[in-house]
Each structure stands twice: as C-alpha cells, then as structure tokens.
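J.: The structure follows.
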Amino acid sequence: MSDATNLTAQIDINTIPALGKEQLLELAMGPQHPSTHGVFRMNVVLDGERVMKLKPVFGYLHRNHEKIAESETYLGSMPYTDRLDYICSITNNWAYAIAVEKLAGIEVPERAEYLRVITGELTRLQNHACLLGFLMQDMGASGTPLMYAFREREKIMDLFEGLTGARMMCNYLRFGGCRVDTPAGWMDAARKVVAEFPRFLDEYENLLVGNEILMDRTQEVGILSKELAINAGISGPMARASGVDYDIRKVDHYSIYDRFNFRIPLGERGDVYDRYMIRFLEMRESIKILEQAMRDIPDGPIVDPKTKIRGFRPKPGEAYGRIESPKGELGFYLVSDGALNPYRYRVRPPSLINLTVLEDLCIGQNVADVVVILGSIDIVLGEVDR
Amino acid sequence: MNLKLDQLDQIFVILNNWLLGYLPPVVRPLCSSILAIALILVTFALLFAITTVLERKGLGRIQNRFGPNRVGPCGFLQPIADGIKSLTKEDIVPNPADHVVHFLAPVLLVAAAFMAYAVLPIGRNMILVDMNAGVLYFFAIGSLMELAVFMAGWSSRSKYSLLGAMRAIAQMISYEVPLVLASIVVIMQSGSLSTVSIVNMQATYTGIWPHWFVFTPWGFAGFALFMIAATAESNRSPFDLPEGESEIIAGYYTEYSGFKFALFFLGEYIGMFATSAMAITLFLGGWSAPFSFLTWIPSYFWFFAKLLTIILTFIWVRGTLPRLRMDQLMNLAWEFMLPMTLLNLLTAGVWHFMPAGALRWLICGAMVVVPCILLSRGLKQRKKFQVRKYRFSE
Amino acid sequence: MVGKGIIKGMVETARNFLGSYVSKQRLTTIQYPEERAPQIEAARNFPFLVFDGTDAEQGLRCVACQICEKECPPKCIFIEKSKDKKPDATGKMQFYPATFNIDISVCMSCQICVEVCPFDSIKMDVVYDLSNNDRFAGLLLHKQQLAKSNEYYNTIHPTEAAAVDAHFAEERAKAAARVKAAAEAKLAAEAKAATDAKAKSETTLADTQAQPVGGGTR
Amino acid sequence: MNVSFILLAIITVVGTAAAMGMRNAVHCVLALTVGLAGVAALYLQLGAQFVGFTQIMVYVGAVAILAVFAIMMTHSPEPAKPPTFSSFWTVGSVVAASVFAVLAWAIHSSSLAAHTLPPQPEVTVQQIGDALMHRFVLPLELMGLLLTAALIGAVVIAMNHREEIK
C-alpha cells in the first residue's frame, strides 16, 4: 500500500474526480496527531470535510525487527516479539513459539498448553477492553470508557506481573512450554479477576452499547464488505465483523482449543459498530474459555525437558506457525539452515494487513469518521512497522 | 433579624453606596460601574479557576482516578500553577500567521464573553445595566464570539485551525437559532426583554412554590432546548467538535500557545457561565429561592448555587458522552431543535390564552411531549440505528 | 425513545463517580511517592550481580564465563575477564570479571541472561526509580553498582533465592567432601578437580533447563 | 456635538474606509465589521437600544460571518493585486455621488434640518412592539411569513440533501 522509504509521498491531486482542485483541502493527519495510535500518517484530501482520497504513510516506527531476528538466536528473538504488538505480548510469543516448535518438532506438555491458553485469553481480554476504550476516546468520550478499560487491564497486568515478572513485555513462552510455573495463589487470583470481569462488561454495556450517539457515529460507517475482507486477507475480529466465519482457533485447532466450548460471534454489516460489538462479544466468549481452562488445568511439567536453552539448533527446514491473536492472524515464517539463528524470519502482522483497506473504508466519509474507522481496525504501530 | 438578613442580601449594594458616598457626585456613576465591573471580572475569573479544578477532579472521579490533588489543599491551588505555567510559556506565533488578527482574536473572545455579564442579574438589585433590551443585548454580544473564533481560525494559517473555525462558526450560527427561539417563549410570557423584570416575574410564590418558568410545559421544553443549544454554543461535550481533539487537534486554537491559549480557555468558560446564567435568568428564576421559606438566604447565593449545579451537569455530561459528528450535529439543530422550538412557541401561546387549570396543563404538556416523541422516533427510524443481534458460529 | 441509552450511561458514570469515593476497587490509583505498589515476587526490571558474604569484590559469584554477554539479545552486557583467579562461591579457583558493565538504557529486561547463567550469579532486580541526569554515563552501570548481596536477593525473590541457596549449600557440601577426599588423595586432586568442574557446569545447566529459575515450583 | 459622537464617527468612518482600502479581503470584512459596530454604537448613543443591538446581531454577527464564509468558499490563497486605478472607479464614483446626493437631499428637505429637535421620548422595546403589533401588523406578518417560508425551505433542503448523500 505504501512505500516506507518514500515518507514524503504526496497524493497526486489531479487523479481525484472532483469539482476542481481549489475546492479540495490536503491535510496531513499525523505523524503528530492525537489519534493515530502511534506514529502514523494519513495524507487526506478533503472536499469540505468529506474524504476524497486517503493515503496511509507508515514506517515511522520501523526498527528492523525481522533482520535483527535473523542475526539473533532463536531464543533471543523471543523478547523482541513482545515488542511487536506491545499490548498483547503473550500471543506474539505464542505464535513465534509455535513456529519454532513446528520447525524443531518439539512437543508441549499439557499444563503448559493450558497456561498458554489462559494467558493468551487474558491477553485477548485486555486487548479488546483497551481497543474499545481507545475507540471511544477517538470518538471524543473524554477518556471515561478508556479509564474503565484501563482499570480492568491493570488487574490483568498485575496477574501477568505476578506470573511472568513484567506487565507488558512478558517474554513468557519458551519453546516447548512456558518459562515459569504459576506461583502460589496465582491461579486463585486469576480466577477472581476472570469472575469479576463480566461486571466490567455489564458496566460497559450500560455506559455505551445502547448509546444513541455511539450508534449514530458507528452504524453504517466504514463498511467493509465480505468480499473485500476476504480478498484483502483481512483476519481477526475485523473479518468476522464482516461476516467471514474464520477464526484460527476453530480452523487450525492449534494448542488445545478444540477441548473448549466457545462460539465465534459474527457480524452482518461490517461497519464500525459491528467491529465494536464483535470484540465486545468475543470478550464474553474468552471468559468462557478461561473458566473452562482454569477448571481443567492439570498438574505436571511446564516445559519439554528436551529443549535446550543455549545452543538451540533446529534441523534445516521451514515452518509457518500462526495463531488467532487478538488482532487477527499472527504468523511467523521461519527458515532454518541448521545454524543458531534463523536463515529467514518473517512476520505476518495482522495490524498491517488489516490496515491496507483503510482507504476503501474511509472514502466518502467524514474526517471525524476517519479516526473512528482507524480506531476500529485496531492497529498497533509496533506491529505495523516492525 | 429580618432587617439584618435583608442587609446581608443587599450587602454589596450597601457597600457600593457607602463607598461612593465619599466621592464627589460627578464621578459617582463612573466609579460605581468601574467597581461593579471589577467585581464581576474578579468573581467570574475566580469561578473559572474553581471550575477548572472541579472539572478535572470531577472527570477524574467519574473515570475512577483522583484528578489534580498535589497543588495546595486537595489540589485546589492547581489553577494558580496552571496560570503561572501558561504565563511563563513561550508565546509562539506561526510565521505565516496574520499577527495582528492572531493577537486580537483571544482578546475579542474574552472581552465579548465578559461583556455579556452586563445584563445578568446576579442578585436582587445586583445588575450592571438594567437594559430595556437586555436579552437582545445578550444575544448580540454572543454573536461577537463567532467573529473572534473565525479570526483565530483564519489568522493561524493552519488547516486544522481553519477546519475548526469552519466547524465552530457553522455550529454556533446553527444553534443560535434554536437558542434565541427557545428563549423567546419567556419573552412572550413576561412581555419584556429586560432581564430584571423577567426575574422579578418569577420571584413570586404560590404557597411555597415559585413561579419559575421551568415549571410549565413550554418552560420545561424551552429550558431543555435552551440547554442543548447552550451546550453547542459554548462548544461543550458532546458538541465539542470545533476543538475535537481526536480529529482536528484543538480546532481553531491549535496554533495558540502560552497565555493566549489560556485566554481561549477563559473565554470559553466565561461564555459557558454566561449562557448558563442566561438559562437561569430565563427559566430558573434567576436569583430567586426555590421555596418561599428559603428567601432569607441571600439572593446571590441562589444564583451561584444554580450556576454551579448547571456547571456540574455540564461536567457530568462531558464525562459520559462521545462526540457527535458534524452532519449529525447540523441535523439535530435543523431537524429536531428548530421544529421543536417553533412548536414550543405555539405551546406558549396556547398556554397564555387558555384558562389556568388541569386542562391547560394536559393540552400544553401533550403539545410538547407528543411531537418530541414523534420527531425523535421518526429521526431514529430514518437513520435505522438499533441495538443489533448477532449470530454465532460454533 | 431516543435518550434512553444516554440516560443509562449518565447513571453509570454517576455510579462510578460515587463509587470512587467508597470503593477501593473503583479507585485503583496508587499515590506514587507516598504509597508504593506491593512488591511482587516475580517482578523483574534490570539485572544485578549477586555476591555472597560482605565483600562485594571477594564474594562475587560471577566467574566471567561471558555466556550472558553472548546470549544477551540487545548486547547490553560488557565483560572483561580478569588475569588472575579467586575462589568462587563453592571455593573453587575461577576467573572473575575485571569489568562488568550493563547499559540499562539498552537492556530490555528480558531475563535471558538470568536463564542462561550456570552460576546463579546474575539475577533480576526490582528497583525502578533509576532516572538519571546523565543519560549516557548515568545509565551505564558498573560492577560496583551492579553487585548486590545475597541477603538483598533473598528479600526481593525469597522463593527463588532459597532454592538457589539450597543448591549452593549442596554444592559446597560436595566441594567440602571433595576437599576431604583430596586431602586423602593429594596426588590425583588437581586432575580430578578439572573434570569435576566440567561436570558441575553441565549439571547446573541441565538443572536450569529442567526447572527454570524464577518459579515457585522448586 | 460631543466627544463620544466624534469618537464613534471617526471609528465608523475609518472602519469603512479601511474596508475599501485594504488588500486582503478578510481584513476588509473585519474592518467593515468595525465600521458596522461603530454605527451600532451611534444608534445606542441616540438611545435606540433595540435598533443598536439588532444592528450588532444582524450585521456583526450574521452578515460579517456570511461575508467571510463567502470569501473563504471562493478564496484563493494569494490576495489578488488589482491595479490601483481601474475603469470601475468612474462608475463607482458616479454611484457614490448619486447616493450621496439623494441622501443629502432627503436630509435637507426633512424636518430634521429645521434644527428644532423635539424633546426625544424614551423609546422602549415595548413601544416598538406595540407599533409593530398594531400599526404595522400586516407588513410584519407578511415579513414573518416570508422568513418562515425561507426557514422551512432551508430545513427541507437540508433534509433532502442528507438523503442524497446516502
């Protein structure tokens, strides 16, 4: 979509079918703009306040993630994956761990799988809660929903800190398992948090779900058709909001997701409201998974004893590991040549690929809608730019 | 005892007269107005300072956090720190900006906002000028603020400022129509444009109940409509599009910094107080007490109590609602507010000519409620928005 | 009826407004310099070096094997090996780091150095107020700033430190037994010690992998 | 006359003159606004509150804003530099002169010129209202009808426009 090297890319105004050049207003939203979710720029051409053309410009946060990973040991890349989508570090770890495990043929013990599901679903909860808050912030709700979301996220982050030692950069998973087992009392604390989470969802529902202004702002805004969603490779809640029944947890049955009873909410219209509500409903389903996983978690080892921490050299070959991260399909493609570091390392970031349809969603909408649509895509620039 | 309380009520008037007694009669009117103006400037600037703290603390509590609590007791000296900060900050003017207009805009805004207080009765006998055309004066001054906003947005030579100014002017002009139409019912009923006589009409009691205009069907509808329009006029959430920070940074004052930026804030808040005070004057009985047995409390206390209540409601609304979009805002003004205010005029007329009694209440109430429901339902149906049901895949 | 959703939302914010005055659950903010969040045992921030006893120079467990320097993903550790040797935690003669610098402006707190260390000498600290006026020299921590006592380690990560201490006690007992045996068979002592050291480092490594440091399972 | 009249007159004249002389169209409008405000102040000085405030509301609040809107809608970033003398000047002077002549004649022939001002009664809003409602009720109602029709028309146009976008 955009050329990262050409940051000054401007829109050729002559290509726009409009009344005349002097009627249009070119506006560079970002990189210093309050609601671009990081350093992101949208070169917008406006007719009044209607968007005639929009060009996303990204790459401001590019930090050579893939190339660094190719010169780093397999384990050494694990903490770097935390920093891709810095809101959900554990699911990033997970996708990378799955890719390496496929590459090296490592089995994961039962308990570790359960721990992965629990932490992964907690990550989904906090990501979706934050996203809804950010979306409302973009809509100008002076931070109230965001602060409620952060209040809940804080509890989940406390859990992460108790388990992994860090609140955001968890660096928790290891090839063939998890880094540490749960400390005493952690599981009870987690059960309590999960049991209380629906109360927050109810509060949120009261605050905003029936709100007329919210419905007016989001319904029929930024419609993504099912065909476009499939053609553009959109994944995650955004695709499901357009009615695409595609959830890798159900498609791949990776980890132990086939043991749990949960449903996938699907939208009809594919507008911002659907994307908003799908995430809301997904949180409720995540809670179901969490309750089942916390009930069933067995005792046992948490890491495959065969895996080495130092001098880990997978056989030559290639592997693609993917999971349903909160933002969509997060995949890691690895090629090994038998050395300590991967020969090729590639990330399939859901944020970036979901962002590619931004212009299609925004054309004909209002400037105010652009930020809302961008918010509903749920991007984290750390993942988009890598 | 009674006499003393009366003195307390009139203490500012008495003090004023006492002070002026020492001056030669020639300069008395001039000094009297200077004194009163100074008092109003100080009082409302102070109210602005308190409101900023209250707003930040209130929003904080609504959002489950503390809000400012470091400067002074409970953070109530925060505005002083803010003031020092904005005074010592560098005043940046963009190079291509129109320097003269850029400088004049905040000055005009604040001046216009303060000028509106000339006709607002703060207490019994406490008004700067009792004008024949007081209400008209108020709206005339209000239209000056639009000019200031335009000057700020245009002179900054920034696209965001220009967009913000366009939004602000469109919004203020659109909402001035329902604002004025909503207040006309009061003028119709009281037969006067003078704020003093409007308040005096309301400061009478039947039993313990006051004759506030808000306690009539047309008055209540007028008040509600007036408050919605006033929220839009003073660019408060959910109508804060001109400065919608998530969309156009800070709207027309994007390119202002330092004390000029603070002046914009001052102007906006002072304007908000003025419109709220006008709503109090028109519908909530101005300085009059809510019950006849509470009339011994000084009149200015009631005025500020009512003003503070309205301000707190503004804060509460701001803490709850997301912002509207420009076209929705316009639709609300022209498709809902305008027809409702026109209908309300009719209702007020019917009320005036019908004999007092339950039937009058019933008919006028229906005349307000039924169109409101029909209109809002019609608008809702046309927009087709609804809480949706979702399907699930197993 | 239009406005129902708005009124519901207003009620909800009012509930939260009042709730923030009565319920700690709603007002989760901690007033930082006066109040501090409770210490979490698993917390990690930046690495530090553990020493036994009272003398930071003498008791330093680090033997300058430079594994952490090599494994550190952002390469923020710089070690210079000493020329001479000193007895390590189990009493064996080892090299020690002449220089041990960690640039905490580069460090990303990933804990990999801790996981790979076979000598339990580098651990994660929990201090977080490390702001400094000098962003270059001030954030480059030297050996003297990094070295912290085993008692300190025991206070911040009690469970983990207890396991490490037990492990060291065992090692020391073994070493004592070895010394005893060495006294009996003086001639073979030197050759035997060399092979033992190798074996020991391998067992420690396997140990760290099977039961990684940081958890409460041990 | 007195000092305040002279002051206001100077403001008015300078404002309107600047409105003609300035290069930047927006500056012209702002200067014109000053002139119109000066006229309003003159009305107020004469004790005509209603007219004065209406002048501010209509001309400063609405007409000036409308003018700047019109300028912004059609604006070009660089203000055009017309020649100092143009052929329109002659036409302009003729129009100005004729307007002045008509006004001067009207003033001269009216009773005002007799220099015997009758004691001015305080004109209240009430009196204006009475006059409008009794003597001038028909013109008022006609005007009201016209304006209401315009207003409703505006609403209807706005409603249709919204559906067009969809």
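Bear in mind that the values in this text are calculations on the coordinates, not laboratory data. Not measured: the values here are computed from a predicted model. All Cβ positions, glycine included, derive from the backbone under ideal geometry; neighbour counts span all protein chains shown.
J.: Using the Karplus curve 6.51 cos²θ - 1.76 cosθ + 1.60 with θ = phi - 60°, work out ³J(HN,Hα) for each residue of the stretch A:374-384 in order, rounded to whole Hz, and write x for Gly and Pro.
T.: Coupling constants for the stretch A:374-384: 4, x, 6, 6, 6, 10, 10, 5, x, 8, 5 Hz.
J.: From the phi angles alone, apply the Karplus equation (6.51, -1.76, 1.60; θ = phi - 60°) to the stretch B:80-96 and give each ³J(HN,Hα) in whole Hz, x where the residue is Gly or Pro.
T.: These are the phi-based 3J(HN,Hα) values: 5, 4, 4, x, 4, 4, 5, 6, 8, 6, 5, 8, 9, 10, x, 4, x Hz.
J.: Would you mind checking which residues have amide H under 5 Å from A:ALA141's amide H? H placed 1.01 Å from N; only 5 or more apart, or other chain.
T.: Those lying under 5 Å, H to H, from A:ALA141 are B:ARG323.
J.: Can you give me the angle between helix C:158-184 and the longest principal axis of chain C, using Cα atoms only, in degrees from 0 to 90, rounded to the nearest 10?
T.: That helix lies at roughly 0 degrees to the long axis.
J.: Can you compute the modelled spin-label distance between C:GLU170 and A:ASP245, with each label point 7 Å from Cα toward Cβ, in nm?
T.: Each label point is offset 7 Å from its Cα along the Cβ direction, giving 5.5 nm.
J.: How far is helix A:110-138 tilted off the main Cα axis of chain A, in degrees rounded to 10, range 0 to 90?
T.: With both axes taken from Cα atoms, the answer is about 20 degrees.
J.: Further, regarding this structure: Calculate the length of the line joining the C-alpha centroid of the stretch B:160-197 to that of the stretch B:1-63, in whole Å.
T.: Cα centroid to Cα centroid, the span is 27 Å.
J.: Mind jotting down the distance between the C-alpha centroids of the stretch A:262-313 and the stretch A:41-107, whole Å?
T.: 20
J.: Go through C:CYS65, C:LEU130, C:LEU49 and say which Cα lies farthest out towards the positive end of the charge dipole of the stretch C:47-160; charges sit on Cβ, +1 for Lys and Arg, -1 for Asp and Glu.
T.: Result: C:CYS65, furthest along the dipole toward the positive end.
J.: Treating the beta-carbon of each Lys and Arg as +1 and of each Asp and Glu as -1, no other charges, what is the dipole magnitude of chain B about its Cα centre, to the nearest 20 debye?
T.: Working: 28 positive and 20 negative charges, 249 e Å.
So the magnitude is around 1200 debye.
J.: Then there's this: Using the structure shown, list the pairs from A:LYS250/A:LYS306; C:LYS83/C:LYS174; C:LYS85/C:LYS174; A:LYS306/C:LYS70; A:LYS53/A:LYS288 with a Cα-Cα distance above 31 Å, or answer none. Display every interim value, and only then the final one.
T.: On the way: A:LYS250/A:LYS306 29 Å; C:LYS83/C:LYS174 27 Å; C:LYS85/C:LYS174 21 Å; A:LYS306/C:LYS70 22 Å; A:LYS53/A:LYS288 42 Å.
Listed pairs above 31 Å: A:LYS53/A:LYS288.
J.: Straight-line reach from B:LYS389: which aspartates and glutamates have Cα under 18 Å away, leaving out those fewer than 8 places along the same chain?
T.: Cross-link targets: A:ASP202, A:GLU205, A:GLU212, A:ASP216, A:GLU220, A:ASP245, A:GLU268, A:ASP271, A:ASP274, A:GLU282, A:GLU285.
J.: When the dipole is taken about the Cα centre of the stretch A:140-230, and only Lys, Arg (+1) and Asp, Glu (-1) are charged at their Cβ, what size is it in debye, to the nearest 20? Kindly include the intermediate steps, with their values, before the conclusion.
T.: Numbers: 11 positive and 14 negative charges, 96 e Å.
Dipole of the stretch A:140-230, to the nearest 20 debye: 460 debye.
J.: Apply the Karplus parameterisation 6.51 cos²θ - 1.76 cosθ + 1.60, with θ equal to phi minus 60°, to every residue of the stretch C:50-55 and state each ³J(HN,Hα) to the nearest whole Hz, in sequence, with x for glycine and proline.
T.: 8, 10, 9, x, 10, 8
J.: Using +1 at the Cβ of each Lys and Arg and -1 at the Cβ of each Asp and Glu in the protein assembly as shown, identify which of A:ALA112, B:ILE363, B:MET337 lies farthest towards the dipole's positive end.
T.: Value: A:ALA112.
J.: Quick one: of C:LYS92/C:LYS186; A:LYS155/C:LYS123; A:LYS67/A:LYS308; C:LYS4/C:LYS24, which pairs are farther than 19 Å apart, Cα to Cα? Write out the running numbers ahead of the final one.
T.: Values: C:LYS92/C:LYS186 16 Å; A:LYS155/C:LYS123 26 Å; A:LYS67/A:LYS308 24 Å; C:LYS4/C:LYS24 30 Å.
Cα-Cα > 19 Å for A:LYS155/C:LYS123; A:LYS67/A:LYS308; C:LYS4/C:LYS24; rest within.
J.: In nanometres, what is the gap between the two model label sites at D:GLU141 and B:LEU308, each 7 Å from Cα along Cα-to-Cβ?
T.: Here the answer is 5.1 nm between the modelled labels.
J.: Right, another one. How big is the dipole moment of chain A about its Cα centre under a simple scheme where the beta carbon of each Lys and Arg is +1, that of each Asp and Glu is -1, and everything else is neutral? Debye, nearest 20, please. Kindly include the intermediate steps, with their values, before the conclusion.
T.: Numbers: 45 positive and 54 negative charges, 235 e Å.
Its charge dipole is roughly 1120 debye.
J.: Could you tell me the relative contact order of the stretch B:89-379? Use alpha-carbon pairs under 8 Å, at least six residues apart, and round to a whole percent. Before the final figure, lay out each step's value.
T.: On the way: 461 pairs, mean separation 72.8, N = 291.
Computed value for the stretch B:89-379: 25 percent relative contact order.
J.: Cut-off is 10 Å between beta-carbons; in what order do A:ASP181, B:ASP327 appear when sorted fewest neighbours first? Intermediate values should be presented prior to the final figure.
T.: Working: A:ASP181 23, B:ASP327 17.
Ranking A:ASP181, B:ASP327 by Cβ neighbours within 10 Å, fewest first, gives B:ASP327, A:ASP181.
J.: In what order do B:TRP212, B:TRP287, B:TRP316 fall by count of nearby beta-carbon atoms within 10 Å, going from fewest to most?
T.: Numbers: B:TRP212 22, B:TRP287 28, B:TRP316 17.
In order of increasing Cβ crowding within 10 Å: B:TRP316, B:TRP212, B:TRP287.
J.: Additional query: Convert 10 °C to kelvin, take the viscosity as 1.306 mPa s, use the Kirkwood radius over C-alpha pairs of the stretch B:220-280 as Rh, and evaluate the Stokes-Einstein diffusion coefficient in µm²/s, rounded to a whole number. Walk me through the numbers on the way to the answer.
T.: Values: Rh = 12.4 Å.
Stokes-Einstein gives a translational diffusion coefficient of 128 µm²/s.
J.: Moving to a separate point now. For A:LYS53, enumerate residues with amide H under 5 Å from its amide H, sequence gap 5+ or separate chain, H modeled in the peptide plane.
T.: Residues meeting the amide H criterion: A:VAL45.
J.: Set Lys and Arg Cβ to +1 and Asp and Glu Cβ to -1, take the dipole of the stretch B:12-88 about its Cα centre, and tell me which of B:ILE50, B:ILE84, B:GLY67 lies farthest positive.
T.: B:GLY67
J.: Taking H placed 1.01 Å from N in the peptide plane, check which residues at least 5 places from C:GLN94 or on another chain put their amide H under 5 Å from its amide H.
T.: When sequence neighbours closer than 5 places are left aside, the close amide H contacts are C:LYS86, C:ASP88.
J.: Can you sort C:LEU146, B:LEU30 from fewest to most other Cβ atoms within 10 Å of each residue's own Cβ? Mind dumping the intermediate values first?
T.: Working: C:LEU146 24, B:LEU30 10.
Listing C:LEU146, B:LEU30 from fewest to most nearby Cβ atoms yields B:LEU30, C:LEU146.
J.: So, one more: Write down Rg/Rh for the protein assembly as shown, rounded to two decimals, with Rg from the C-alpha atoms and Rh from the Kirkwood relation over Cα pairs.
T.: Values: Rg = 37.0 Å, Rh = 34.8 Å.
With Rh from the inverse mean 1/r over Cα pairs, Rg/Rh is 1.06.
J.: So if the hydrodynamic radius of the stretch B:132-288 is defined as the Kirkwood radius over C-alpha pairs, what does Stokes-Einstein give as its diffusion coefficient at 25 °C and 0.890 mPa s, in µm² per second?
T.: Details: Rh = 16.4 Å.
Taking Rh from Cα pairs, D becomes 149 µm²/s.
J.: Determine the equivalent ellipsoid of the stretch A:30-103 by diagonalising the alpha-carbon gyration tensor, then write out the semi-axes as square roots of 5 times the eigenvalues, largest first, rounded to whole Å.
T.: After scaling each eigenvalue by five and taking roots: 35, 12, 11 Å.
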